[in-house]
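Step one of this worksheet: look at the structure below.
FYI, it's all coordinate maths here, none of it is from the lab. This structure is a prediction, so every number in the text was calculated from the model and none was measured. Backbone-built Cβ (ideal geometry, glycine too); neighbour counts: all protein chains shown.
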Amino acid sequence: MKVHLQFFSGLRDLMEVSELDLEVGAGTTVADLIELLYARTPRLREWDKSILVGAGLEFVDRDYIIKS
């Protein structure tokens with residue numbers, strides 16, 4: 001499934017984009033998605049403790065399973 005990501009502030013600067021679409025498999029968690037981003041942009045890992053992830057209108061934990 002395709003997920004649409006938006007980056008703000010310092011994360012936007014590190015990623016060098018404000019938005020990104022990624023293809024992920026069924027059962028992918030937020031933690032899995034973050035690891036994909038770390039592989040793409042290793043410097044992002046320095047921000048690990050500051051990264052918040054929202055799905056819809058709510059912030060979600062890293063064990064949240066991404067839904068289409």
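Quick rundown of the values:
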{"quantity": "Those residues of segment 16-54 which are in contact with a helix residue (DSSP H, G or I) (Cβ under 7 Å, 6 or more places away or on another chain) and farther than 23 Å from Lys67 by Cα, in sequence order", "calculated": "Thr41, Arg43, Leu44, Arg45, Trp47"}
{"quantity": "Of residues in segment 13-31 being surrounded by fewer than 10 Cβ atoms within 10 Å (Cβ to Cβ), charged (D, E, K, R) and more than 11 Å from the chain's Cα centre (by Cα), the one nearest to Ile51 (Cα to Cα)", "calculated": "Glu16"}
{"quantity": "In segment 32-68, residue surrounded by the most Cβ atoms within 10 Å (Cβ to Cβ) [restricted to those that are of a type in the set (D, E, K, R) and within 15 Å of Met1 (Cα to Cα)]", "calculated": "Asp32"}
